[in-house]
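Each reported figure results from applying straightforward, stated rules to the coordinates on display, with no laboratory input. For clarity, every value in this text was computed on a predicted model and none was experimentally measured. Cβ atoms come from the backbone with ideal geometry, glycine included; neighbour counts cover every protein chain shown.
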């Protein structure tokens with residue numbers, strides 16, 4: 001008999017579940033017990049069936065988020081006028097109209113001032129050159145030559161905008177709402193909420209890397225739709241998910257089987273309890289993850305050639321490359337949404353208020369080769385057409401200088417790109433003005449990216465809503481048709 005189950009001390013069912021040797025904390029148990037309370041606010045309403053609204057073109061998303069604000073002018077949106085006009089104030093040029101207050105109303109800060117109250121409007125020259133790549137001839141900066149080599153598989157969107165001029169914009173990019181308005185579900189949670197599982201042994205929404213402003217994703221959808229945080233560490237890939245004591249796998253299995261029997265008894269008594277069924281599935285997932293996740297991030301069976309393509313042979317590229325190879329392996333095994341955050345620190349490493357050239361040279365070198373390795377690997381394995389890769393950041397950088405050799409936050413216009421999953425390649429969509437200040441051609445708010453991802457996954461954005469929380473039109477976004 002299992003001595004851990006033969007306990008003379010009376011236990012309530014909830015206490016037993018919460019203190020059992022499963023020890024998988026927030027991964028399954030606590031989240032689903034809290035989910036009960038959240039579901040109650042929705043009355044008898046049930047979550048989606050897990051079926052797409054229409055035939056999908058993609059199955060999974062890998063979102064690569066560069067925390068801090070990548071300079072769009074020095075990555076994917078070449079602006080040679082900045083070099084020609086360097087040292088002049090914006091007001092001294094033929095482009096002074098870009099600072100018209102009426103044009104700046106869509107963000108919360110009308111002008112960005114330095115410590116002396118002066119507008120940062122002295123134009124700062126480009127810090128890197130550009131080159132045309134591929135048959136499409138799209139220009140990409142010399143900081144991203146490996147991504148440039150993949151440009152014919154990529155759609156660059158050069159006309160993004162947002163409304164937060166500080167790094168809470170990281171949250172806004174993922175949720176579509178300004179941080180001052182509260183916290184709302186992110187795109188990864190909506191995908192998990194809307195679609196069924198492709199693999200019952202693995203979580204359907206994974207996050208890796210540093211987060212600061214918000215470490216959760218689901219909010220009013222309930223903790224069951226939060227991301228599972230992982231790290232590429234075979235010894236402990238699931239933080240806080242080891243058993244509470246030294247319990248062999250067989251004993252854990254006995255505990256799971258007992259809990260499953262208890263839940264099944266309750267399910268017979270309450271056959272229409274969707275939350276109880278979700279709890280049962282979550283226990284099964286939690287147990288299976290203890291084996292499936294470490295196996296997925298064990299790269300021993302990968303060819304050395306593959307590892308080199310992800311940058312394993314270089315100290316500066318290996319950490320990010322490991323995360324991307326793990327992402328490919330998770331996608332291969334049926335994970336729906338993988339969110340990888342690059343750049344430590346509260347604001348994020350890409351926040352180049354000073355020393356932009358040194359900052360972006362270093363950080364681009366960390367991600368450029370691994371990202372190209374991911375795209376090429378997905379193509380070689382026949383996964384590219386069913387997997388969307390997104391390169392994103394919370395906002396761009398100002399055309400003007402800050403601290404003499406840096407650029408400030410810039411929400412008025414910036415760039416992201418997407419590839420795979422049935423999207424067009426070799427496309428440069430939208431545009432900012434000659435200084436890279438405003439998104440002037442086909443402007444897209446951040447949720448247009450969400451709507452496009454959902455569309456490729458077979459989901460209609462406007463049908464993604466719960467009755468106890470009506471969404472704003474802005475939150476739904478519009479599909480970026482020119483890249484589909």
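Peptide packing: for 146-158, 346-358, 438-450, the average count of neighbouring Cβ atoms within 10 Å per residue gives the ranking 146-158, 438-450, 346-358, highest mean first.
Judged by the ratio a/c of the largest to the smallest principal axis of the C-alpha gyration tensor, region 380-427 counts as prolate, that ratio being 1.5 or greater while a/b is larger than b/c. For region 404-473, the relative contact order works out to 21 percent when only alpha carbon pairs closer than 8 Å and six or more residues apart are counted. Annotation for region 384-446 versus region 179-208: alpha-carbon center distance of 24 Å. Can you give the Kirkwood hydrodynamic radius of region 59-99 from its Cα pairs, in Å with one decimal? One decimal place: 13.1 Å for the Kirkwood radius. Is region 344-478 rounded, prolate or oblate when judged by the Cα gyration tensor, a ≥ b ≥ c being the square roots of its eigenvalues, rounded requiring a/c under 1.5 and prolate requiring a/b larger than b/c? Here region 344-478 falls in the oblate category. Could you tell me which of rounded, prolate or oblate describes region 398-466, using a ≥ b ≥ c as the square roots of the eigenvalues of the alpha-carbon gyration tensor, with rounded for a/c under 1.5 and, failing that, prolate when a/b is larger than b/c and oblate otherwise? Verdict is prolate for region 398-466.
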